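A.B. asks: Here it is: the structure, laid out below.
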Amino acid sequence: MTTTWRFLKVFTLGTWVGSMIFFDFVAGVLFSQLKNPDDAGNIVAILLWGLHMLGIVAAIIYLGVVLIAARSWKGLVQPASVLAGLMLMVTLVSQLWIMPTMDHLRQQMGSYASTAASSPLRQQFDGLHVLSVRLETGVLIAGVVALFLTVWQGSSVLIPKTSSAYVTSNK
């Protein structure tokens, strides 16, 4: 695999994984600093949309590079490629189903903060939030593993093989 293909694979996965880690810190700060959880939730929803779009583009580039570099569909059955494909699918589920459902529930509640915890709308929202966090955590873990495998797969080309001959010394 050429250096350019390896760079693109590492860059796309690294950018996605780094963005997820950054998002976790930003979301934590928002909820600890903003007094109104509704405002924090609105900002986090916008940031999550951006993170998902970045992830979708990164996954498409990554998988495209894998196909081009391998010159075969067989490149998609490598462990790192499988993980990148799973990350893409989970991100699409989150963006196309979970996020719109949560937005709809938030609109129905009016205000998350003022909705009783016993409200069926809030309970459904909280359940989807837990699912969303778990899926994002799974994508992050899969991303770290896929990034490691991507770097590791190419490292055998960079490490020169040593001779198996023994060097003896005169005593």
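The numbers here are math on the coordinates, done by the rules we state, and not lab data. Values in this document were obtained by computation on a predicted structure and should not be read as measured data. Don't worry about glycine lacking a Cβ; one is built from the backbone with ideal geometry, like all the others, and counts go over all protein chains shown.
A.B. asks: From Cα pairs below 8 angstrom and at least 6 apart in sequence, can you work out the relative contact order of the chain, rounded to a whole percent?
C.D. replies: Rounded, it is 30 percent for the chain.
A.B. asks: Round to the nearest 0.05 the FRET efficiency obtained for Ile21 and Ser118 when R0 = 22 Å and r is the Cβ-Cβ distance.
C.D. replies: Details: r = 35 Å, r/R0 = 1.59.
Efficiency, from the Cβ-Cβ distance: 0.05.
A.B. asks: So, counting K/R as plus one and D/E as minus one, what does the shell of residues with Cβ under 14 Å around Leu147 add up to? Kindly include the intermediate steps, with their values, before the conclusion.
C.D. replies: Values: positive: Arg6, Lys9; negative: none.
With Lys, Arg at +1 and Asp, Glu at -1, the net is +2.
A.B. asks: Then there's this: Which net charge results when you count Lys and Arg as +1 and Asp and Glu as -1 among the other residues whose beta-carbon is under 14 Å from that of Ala116? Please report the intermediate quantities before stating the final value.
C.D. replies: On the way: positive: Arg122; negative: Asp126.
Within the 14 Å Cβ shell, the charges total 0.
A.B. asks: Where Lys and Arg each count +1 and Asp and Glu each count -1, what net charge lies around Val17 among other residues with Cβ under 15 Å from its Cβ? All intermediate terms of the calculation are to be shown ahead of the outcome.
C.D. replies: Values: positive: Lys9; negative: Asp24, Glu136.
Net charge in that neighbourhood comes out at -1.
A.B. asks: Now for a separate question. How much length is gained if the chain between Trp152 and Asp126 is pulled fully straight, taking 0.36 nm per residue apart and subtracting their Cα-Cα distance, in nm to one decimal? List each step's numbers first, then the result.
C.D. replies: Working: separation 26, 0.36 × 26 = 9.36 nm, distance 3.88 nm.
Full extension from Trp152 to Asp126 adds 5.5 nm.
A.B. asks: What is the helix-to-structure angle for 3-33, meaning the angle in degrees between its Cα long axis and the longest Cα principal axis of the chain, kept from 0 to 90 and rounded to the nearest 10?
C.D. replies: The two axes meet at around 30 degrees.
A.B. asks: At 7 Å along the Cα-to-beta-carbon direction for both Ser72 and Phe31, put a label point, then send me their distance in nm to one decimal.
C.D. replies: Simple spin-label model gives 4.6 nm for this pair.
A.B. asks: Quick one: if the Förster radius is 22 Å, what FRET efficiency do Val93 and Asp39 give, using the C-beta to C-beta distance and rounding to 0.05? Don't skip to the answer; put the middle values down first.
C.D. replies: Values: r = 27 Å, r/R0 = 1.21.
About 0.25, to the nearest 0.05.
A.B. asks: Restricting attention to region 1-83, which trypsin sites (Lys or Arg not before Pro) occupy a DSSP loop and are surrounded by at most 10 other Cβ atoms within 10 Å? Walk me through the intermediate numbers first.
C.D. replies: Values: sites: Arg6, Lys9, Lys35, Arg71, Lys74; in loops: Lys35, Arg71.
Sites meeting the loop and neighbour criteria: Lys35, Arg71.
A.B. asks: Angle, helix 37-70 long axis vs. longest principal axis of the chain, Cα atoms, 0 to 90°, nearest 10?
C.D. replies: 30 degrees
A.B. asks: If you fit an axis through the alpha-carbon atoms of helix 120-158 and take the longest principal axis of the Cα set of the chain, what angle between them do you get, 0 to 90°, nearest 10?
C.D. replies: Here the helix axis deviates by roughly 10 degrees.
A.B. asks: State the percent of C-alpha pairs, over all pairs in region 3-154, separated by a distance greater than 19 angstrom.
C.D. replies: On the way: 6397 of 11476 pairs.
That fraction is 56 percent.
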